[in-house]
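Inspection log for the structure reproduced underneath, given as structure tokens.
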Amino acid sequence: MTLTDDFGHPPSMREIAASVGLSLSTVAYHLKAMKERGIVTHTPQRNRTYQLLQ
């Protein structure tokens, strides 16, 4: 499953941070933890590649 915005692509970490009212570093920390737990997947060195795993 991919979380997409109105433009058809997943939000950036900056967009996530702005929408939930957290700092960019906090969002990065939580996304990293979710990746380690197998909740999301991410392609390194590529923007907007976080995807939820089912």
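Maximal additional length on extending the Arg37-Met13 stretch stands at 6.8 nm, based on 0.36 nm per residue less the C-alpha distance. Distance between the modelled labels on Leu24 and Arg46, one decimal in nanometres: 2.2 nm (7 Å Cα→Cβ projection).
Backbone geometry of the stretch 47-54 corresponds, through the Karplus equation with coefficients 6.51, -1.76 and 1.60 at θ = phi - 60°, to 3J(HN,Hα) couplings of 7, 6, 10, 5, 9, 6, 9, 9 Hz, x marking Gly and Pro. Over the chain, accessible surface divided per residue gives 80 Å², non-protein components excluded, 1.4 Å probe.
Annotation: average projected area of the chain is 3.7 square nanometres, based on the convex hull of Cα atoms across all directions. Computed 3J(HN,Hα) for the stretch 29-38, one whole-Hz value per residue from the Karplus formula 6.51 cos²θ - 1.76 cosθ + 1.60 where θ = phi - 60°, is 4, 5, 5, 4, 5, 5, 5, 4, 8, x, glycine and proline marked x.
With all protein chains in place and a 1.4 Å probe, the accessible surface of the chain carries 53 percent carbon and sulfur. The mean sequence distance of close C-alpha pairs (under 8 Å, at least 6 residues apart), as a share of the length of the chain, puts its relative contact order at 38 percent.
Estimated from helical segments only, the mean residue ellipticity of the chain at 222 nm is -11500 deg cm²/dmol, where each DSSP H run of four or more residues counts as -39500 (n - 2.57).
The values are calculated or read from the model by the stated rules, or taken from the named source; none is laboratory data. For clarity, every value in this text was computed on a predicted model and none was experimentally measured. Positions of Cβ are generated from backbone atoms using ideal geometry, with glycine treated the same way; all protein chains shown enter the neighbour counts. Please note that ligands, DNA and RNA were not included when accessible areas were found on the heavy atoms of the full protein model with its side chains. Shrake-Rupley method; radii C 1.70, N 1.55, O 1.52, S 1.80 Å.
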